[in-house]
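For reference, the structure discussed in these notes is given below.
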């Protein structure tokens, strides 16, 4: 679902996921220590983008990216 909720504190910021986050999501979910622990993941960027488009159309579903408060670098 598209939304504008965000929160910041302790040096990080939660913000709504964006389509351009697909590459980061595929990368972080494919890390050895994350596999099988963070839910199903699309195996390709294109499939993740497709999943995100479907997510944007779904009501009542919230997906966030964690990024550094300064620099806005995604970390989770």
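Observations
- For the chain, built as a Gaussian network whose Cα springs stay under 10 Å, the top-fluctuating residue of 31, 14, 52: 31
- Over the chain: helical MRE at 222 nm, DSSP H runs n ≥ 4 each giving -39500 (n - 2.57), nearest 500: -8000 deg cm²/dmol
- Rounded if a/c under 1.5, otherwise prolate or oblate - the stretch 30-72, Cα gyration tensor axes: oblate
- Within a Gaussian network of the chain (alpha carbon springs, distance under 10 Å), most fluctuating of 42, 22, 57: 57
- Percentage relative contact order, the chain, counting C-alpha pairs under 8 Å, at least six apart: 43 percent
- Looking at the chain, the DSSP beta bridges with both ends there are about 100 percent antiparallel.
- Cα-Cα separations in the chain greater than 16 Å, expressed as whole percent: 53 percent
Computed from the coordinates by the stated procedures, all read-outs in this text should not be read as laboratory data. Everything numeric here is computed off the predicted structure, so don't read it as measured data.
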